[in-house]
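Data first, discussion second: the structure below is written as C-alpha cells.
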Amino acid sequence: MKIKDQKDLEKLKVKGLDSLYPKAMKINVGLATCGIATGAQAVFESIVKEIQKQGIDAVVSKTGCLGFCQKEPLVDVWQPDSARIIYCEMNPEKARDLVNELAQGKTRREWALCKLEEEEFIIEGTKRKYSITGKNGKDIPLYQELPFYKKQKKIVLRNCGFINPDNIEEYIARGGYFTLARVLSNLKEEQVIEEIKNSGLRGRGGAGFPTGVKWKFCRDAPGDMKYIICNADEGDPGAYMDRSILEGDPHSVLEGMVIGAYAIGSHEGYIYVRNEYPLAYQSVKQAIEQAEEYGLLGENILNSGFNFEIRISQGAGAFVCGEETALLASIEGRIGEPRPRPPFPAERGLWDKPTNINNVKTWANIPVIIARGADWYSKMGTAKSKGTMVFSLVGKINNTGLVEVPMGIKLREMIYDIGGGIPEGKKFKAVQTGGPSGGCIPSELADLEVDYEKLTQAGSMMGSGGMVVMDEDTCMVNVAKYFLNFTRDESCGKCTPCREGIKRMLEILDDISKGKAEEKDLELLESLAKVVKDASLCALGGTAPNPVLTTLRYFRNEYEAHIKDKKCPAHICPDLIRYSISKEKCTGCGLCLKECPQKAISGEKKKPHSIDKNKCIKCGICYEVCKFDAVEID
Amino acid sequence: MLNLTIDAKKVSVEKGTTVLHAARKLGIEIPTLCYHEGVSPYGACRVCLVEVVKGRRTGLTSSCTCLVEEGMEVKTDSPGVLESRRLIVELLLARSPEVKKIRELAQEMGIERVRFRKEDKECILCGLCVRVCEEIIGASVIGFINRGADREVETPFQAQSDVCIGCGACSSVCPTGAIKIKEIFDKRILETWHTELELKSCKICGRYFAPKKELEQLKGKVELPEEIFEICMDCRRKDLSRKISEIKTGMI
C-alpha cells in the first residue's frame, strides 16, 4: 500500500496505536545489541513460551534500547488499566515467574526498575496519559523521577525502547512521517534549510559544523546529481549511540534523510554502516523496505513527485572510514583512505558529485526540529550548542548506559546524578570524551558545562558521544597508551606524521610505562604531538595526540612519577610495581600460594609467606585473593 | 588570474594552480618527496607543508595539493612550517636511515641526529610507484596493503603479478631506490613484485632488450613501424646513424 497523503498516514497511525496499546497486555523486551548481549533473547523466548503455556491473552514484542544498559535485560509490561512497569536484570527464570505473577494480576515489585504513567510524544508535543485504574505498581518509582532518567531529554532517542523498530506503523503512531508529509506539501526547500539553520543544530558526528550551513553549501553547489549520506561508521571504543538508534528507531533516520534530500535536491542517498553492526544493518534494511512499500521512499514519495532512494553500504571495519573523504572512497569501492580537503564533499563528494554527509544523530534530530520549530529547539542548550546530545556513559560508573541530555549539562551531573557515581566508593579521576580523538578531562573540571566549545577549550572534543569514566585506580599514562595504540592500528598510514609519528609517540609512552624514559623524552613526546596534530592529512591524525596532550596537561605529575621516581602511582604499569607480602598481616592461610600461576609464592602454613620476585609476573592474583590485605604493591 | 602573497612576495597565477607551483614561479624552493609532475598530487609525505592564512584561520597544509585562492597568504618559512618539516624528515630518517635522498634532505635541514629507534626500510610509502603504474601505465599492478604502521606497497596477495608488463616505471620514479629490478639472460626479474617476465631478443644483434609483454602492450598503444618492436635500442640507433651518414654522403 502506498501512502498518498496525511489522511492515509492518519489511518496507519490508528493501526500503530492499536499495536502500541492493544486491548490485552503487552510485554516488550529490549532486543537491541546491549539487551541481547545480556541474554534478552532467551528472556524473550521464555516469556513467549510461558504465555503460550498459560494461555494468557498477551502480546510479546521486541523493542530497542531504553538506555539503561546496566540493568539489561529490560522487560516492560503495559496493561490497559495500569502503569507501564519496567522490570530490569531479567533472566529466563525470572521472566517465566513474572509472567506467572502477571497472569494472576500481580506485579513483582523487587524486580521493577520504574514505571511510566504517561508517555511523551515529542513530535506532536503531547503527553499520552495511561488510564490507570488498578493499584499495580503503586510504590514503584516513576520513570521521570529515577535519577538516571530525571535530567534526560529524549529527542533523538524519542522512540528507542518505546516502539517495535520492525513495525513502521508504531513509528507513525508516535508522529513519524507526519513531518515529512508536511515538508513535502507545505514547505519550500529553502524554508527547510532556514529552519535547520535557525535551530542551531550542529553536526553530531563530533566536529560540530552547523548542519543548515552544510546543507546550503550542498544545495548551492552546481550539478544535477547530488548525494546525501548517513555516516553510521561508529568506531570509537566505548561509543554505541548510533548503533542503538539504528537498531531501535531506524525510521527516524530515514525520515530525516528524506527531508534533507528534499531540501538539498538529492535523489539518492547512502547509509554507511559498519560491518560489525549486523543488527543495525538488518534493522535499517528492513526499515528501507517498509518505507519503500508504503511510498515513503522511492519514486513519487507521498504523491508529491519527489523521488529519493536509500542504499546501504557496509564498511569493512576501518575506524578511518568515519572520516568523510575516506568514507566516500570506501563507498566507491576504493581503499578507505582520506584525501586532502578542499575540495569538500559539498563541492566534490561521492563520484565527484556534491555530497552531504551527516551523522546518524544529526539525521534523527531533523524531523523533530521541523515538527516543533527552530525556536523550540534552540531554547535547549547553550549559546552556541543547541539541543541535546546523546552520550554513551561507560567505564567506571555505576549506571552504564545511553543518555540524552540538553547541551550545557555539567559533567558532575552526568557522572553523579545520571551515572550514579563511581563503583565501590572510589574517587572519580577523569572522564574521556570524544573517543581516541578526544581528551581526558580531570575531576577538577567536573563543573564544566558540556558543549562543543567548552570541551574543545578543555583540550578534548565532543566527538560522537563516547564518555568513558575513570576512577582513582586508572593510570593516565596507560590510558594515553591505550588510545594511541588504537590510533596507531587504525591510522590508514597514508601520511607521514600520522603513520610514523603516532608509532614513535607510542614507543615513548611505552618507555615511560616501563620506567625506561628520561625527562627529555617528555619534551620529544610533546613536540611530536604538536606536529602530528598540525601536519597530518586528516582529522584522525589531527586529533590522535589529544589523549596524550590532555593527560600531559592535567596529569603531568603522573608522567613525571613514571620517569623520575620510576613509580606508577595508580599501581597499573607492571614494570613499575612490585608485589610483596606483609609479615605482620599475613596469616599464612596459603590462598595466594594456591592461586599463584607462577608458583612464585612460598611459605609454611600459618607462617608469613613470601613472593619470589624473579618468578612473579605481576598478574595481581595474590593481591585480589588475599582476605587480609597482606599483599602490598609498591 | 588569482593574486596571492608567498613569504610577503606578490604573485598572480591562473586558477587551478597549486601553491607549490605558485611558489616555484617566485623561485621559492619547497622540498617534496611524494610529488611528481607526471602523476596526480597525493599530499602524503607532508614535506611540502606551508602555512596558509585564510581570513582568521591559519593552518598547515600540503602545498602540492592546495589550490591557490584569491587573496591567499602563504608562508613557506615560518617557524611552525620549518619545525614540522624537520620533525617529519627526522621521522623518515628513522624509518629509512640508509636512503640517500632522505639523508640529503635531512642534511639540508640541519638534522644532525635521530632521536628515534632506527629501522631499515627503503620504502618511504610516497606512493609514486602506485600512482605511475595506475595513472600512466594503466596496469595497477601494485597497491597499498595493511594499515597504519604496517602499510606496504605490494602486489595483490604478495604474489606474482599477471598484469605487470615489466616496464620498470615504478622503479624509475621511486625516489629511494626501493624497487629492485634485475635482468638475467632472457628474464627481467622484478624482485620487489615477485614477478618474472620473458625478454625479447633483438632481430639484429640477438641481445635481450625488453619484456615481451611490454612490447605487446606498446604495439596496441602507439602507431609505429612493426620493426621498432623487433630491434633493440642500440641497433635502432646504429640503423639511424647509418641512414644519416648515407644522406650526408649523398648515397640516397
Spacing of the two label points (7 Å from each Cα toward its C-beta) at A:Glu472 and B:Asp162, in nm: 6.7 nm
With r defined as the distance between the Cβ atoms of A:Glu145 and B:Val53 and R0 fixed at 51 Å, what FRET efficiency is calculated, to the nearest 0.05? 0.40
Please give, to one decimal in nm, the separation of the simple spin-label points placed at A:Asp447 and A:Arg553, each 7 Å out from Cα toward the Cβ. 1.9 nm
For the protein assembly as shown, share of DSSP beta bridges that run antiparallel, in % to the nearest 5: 70 percent
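Cut-off is 10 Å between beta-carbons; in what order do B:Thr155, A:Thr456 appear when sorted fewest neighbours first? Provide the component values of the computation, followed by the final result.
Numbers: B:Thr155 20, A:Thr456 15.
By the 10 Å Cβ count, ascending: A:Thr456, B:Thr155.
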So who's got an amide H within less than 5 Å of the one on A:Lys410, skipping anything under 5 residues away but keeping other chains? H placed 1.01 Å off N, in plane. A:Val450
Please report the relative contact order for region A:346-439, taking Cα pairs under 8 Å with a sequence separation of at least 6, and give it as a percent rounded to a whole number. 15 percent
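Show me the ranking of peptides B:23-34, A:438-449 by mean Cβ neighbours inside 10 Å, starting with the highest.
Numbers: B:23-34: 17.5, A:438-449: 19.7.
Per-residue Cβ counts within 10 Å, averaged per peptide and sorted highest first, yield A:438-449, B:23-34.
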Amide hydrogen neighbours beyond the local backbone of A:Glu309, cut-off 5 Å, H modeled: A:Glu268, A:Gly269, A:Gly298
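So what is the calculated 222 nm ellipticity per residue for chain B, using -39500 (n - 2.57) for each DSSP H run with n of 4 or more, over all residues, to the nearest 500 deg cm²/dmol?
Working: 7 runs with 68 residues, N = 252.
Computed mean residue ellipticity for chain B: -8000 deg cm²/dmol.
Can you tell me how much longer the chain between A:Thr456 and A:Asp220 gets when fully stretched, taken as 0.36 nm per residue apart minus their C-alpha distance, in nm with one decimal?
Stretched out fully, the A:Thr456 to A:Asp220 stretch lengthens by 81.9 nm.
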Would you pull out the residues with amide H under 5 Å of A:Met380's amide H, same chain only if 5 or more places away, H placed 1.01 Å from N? A:Gly387
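Contact order normalised by length for region A:286-370, with contacts defined as Cα pairs under 8 Å and 6 or more residues apart; what percent is it?
Details: 84 pairs, mean separation 11.5, N = 85.
It comes to 13 percent, rounded to a whole number.
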From the phi of every residue in region B:140-153, what ³J(HN,Hα) in whole Hz does the Karplus formula 6.51 cos²θ - 1.76 cosθ + 1.60 yield, where θ is phi - 60° and glycine or proline is x? 6, 6, 10, x, 8, 10, 6, 10, x, 5, 8, 4, 8, 9
Counting other chain Cβ atoms within 10 Å of each Cβ in B:79-88 and taking the mean gives 4
State, as an integer percentage, the relative contact order of chain A based on alpha-carbon contacts under 8 Å between residues 6 or more apart. 11 percent
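If each residue's Cβ is checked for other Cβ atoms within 10 Å, how do A:Met462, A:Met505, B:Met109 rank with the fewest at the top?
Numbers: A:Met462 27, A:Met505 24, B:Met109 18.
Going from least to most buried by this count: B:Met109, A:Met505, A:Met462.
On a 32 Å Cα-Cα criterion, which of the cross-link pairs A:Lys2/A:Lys94; A:Lys410/B:Lys75; A:Lys429/A:Lys533; A:Lys127/A:Lys426 come out too long?
Details: A:Lys2/A:Lys94 43 Å; A:Lys410/B:Lys75 41 Å; A:Lys429/A:Lys533 26 Å; A:Lys127/A:Lys426 40 Å.
Checking Cα-Cα distances, A:Lys2/A:Lys94; A:Lys410/B:Lys75; A:Lys127/A:Lys426 exceed 32 Å.
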Give a residue-ordered list of calculated ³J(HN,Hα) values for region A:522-533 (Karplus: 6.51 cos²θ - 1.76 cosθ + 1.60, θ = phi - 60°; whole Hz; x for Gly, Pro). 5, 5, 4, 4, 5, 5, 4, 4, 5, 5, 4, 5
Grab the DSSP H runs of chain A that are 4 residues or longer, score each as -39,500 (n - 2.57), total them, divide by all residues and round the 222 nm result to the nearest 500 deg cm²/dmol. -10500 deg cm²/dmol
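Which value, in Å³ per residue, describes the convex hull spanned by the Cα atoms of region A:578-633? Walk me through the intermediate numbers first.
Values: hull volume 3.5 nm³, N = 56.
Taking the convex hull of the Cα positions in region A:578-633, it is 63 Å³ per residue.
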In sequence order, calculated HN-Hα J values of region A:303-314 (Karplus, 6.51, -1.76, 1.60; Hz; x Gly/Pro): 6, 9, x, 8, 10, 7, 10, 10, 10, 10, 10, 9
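To the nearest 0.05, what FRET efficiency results for A:Asp565 and A:Ser602 with a Förster distance of 35 Å applied to their C-beta separation?
Details: r = 30 Å, r/R0 = 0.85.
Efficiency, from the Cβ-Cβ distance: 0.70.
How much FRET efficiency would the formula 1/(1 + (r/R0)^6) give for A:Glu45 and A:Glu101, where r is the Cβ-Cβ distance and R0 is 22 Å, rounded to 0.05? Can you show the working numbers first?
On the way: r = 19 Å, r/R0 = 0.84.
My answer for the efficiency is 0.75.
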Between region B:177-252 and region A:117-180, what is the C-alpha centre distance in whole Å? 79 Å
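For a quick check: sort B:Ser78, A:Ser464 by the number of other beta carbons within 10 angstrom, fewest at the front.
Numbers: B:Ser78 16, A:Ser464 32.
Fewest-to-most ranking of B:Ser78, A:Ser464: B:Ser78, A:Ser464.
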Sorting A:Ile228, A:Leu180, A:Ala458 by the position of each Cα along the dipole of the protein assembly as shown (Lys, Arg +1; Asp, Glu -1; all at Cβ), the one nearest the positive end of that ordering is A:Ala458
Any chance you could get the radius of gyration and Dmax over the Cα atoms of region A:247-300, in Å? 11.4, 34
Region A:573-597 and region B:1-63 have their Cα centres apart by a whole-number Å value of 63 Å
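Can you give me the orientation-averaged projected area of the convex hull built on the Cα atoms of chain B, in nm²?
Numbers: hull surface 77.0 nm².
Average projection, Cα convex hull of chain B: 19.2 nm².
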Against the 2.2 N^0.38 Å scaling, with N counting residues, where does the protein assembly as shown land? I'd like the Cα-based Rg ratio to two decimal places. 1.12
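None of the figures in this text is laboratory data; all of them are computed from the coordinates on show. Every value quoted in this text rests on a predicted model; they were computed, and no experiment measured them. Here Cβ is always computed from backbone atoms with ideal geometry, including for glycine, and neighbour counts include all displayed protein chains.
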